[in-house]
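Contents: one structure, followed by commentary.
Values in this text are rule-based calculations from the coordinates and carry no lab data. This one's a predicted model, so the numbers in the text were calculated from it and none came from an experiment.
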Amino acid sequence: MSKKLALVLGLGLFGLAGCTQGINPTDMDRGIIGAGVGATAAHLGGHDVAKGAAIGAVAGALCDDVRLCQ
């Protein structure tokens, strides 16, 4: 898989990671889910896990604010 494709796929997954249906999650719930997915994706891609977790947490927590998780 090329690095560009992995990056685009990873960014899409970060945004969607915090979206949970039917359980009415809080921003904290979405942030935790996003952090887990971000850390996993960064590890699998050979990148900095802490940075991936931080990006995933922010994307997960904010996904409903930008109406991505509706």
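Here are some notes:
- Stretching the chain fully between Asp65 and Leu7 yields a gain of 18.6 nm (0.36 nm per residue, less the alpha carbon separation).
- Multiplying the residue separation of Val58 and Thr26 by 0.36 nm and removing their Cα-Cα distance gives an extension gain of 10.2 nm.
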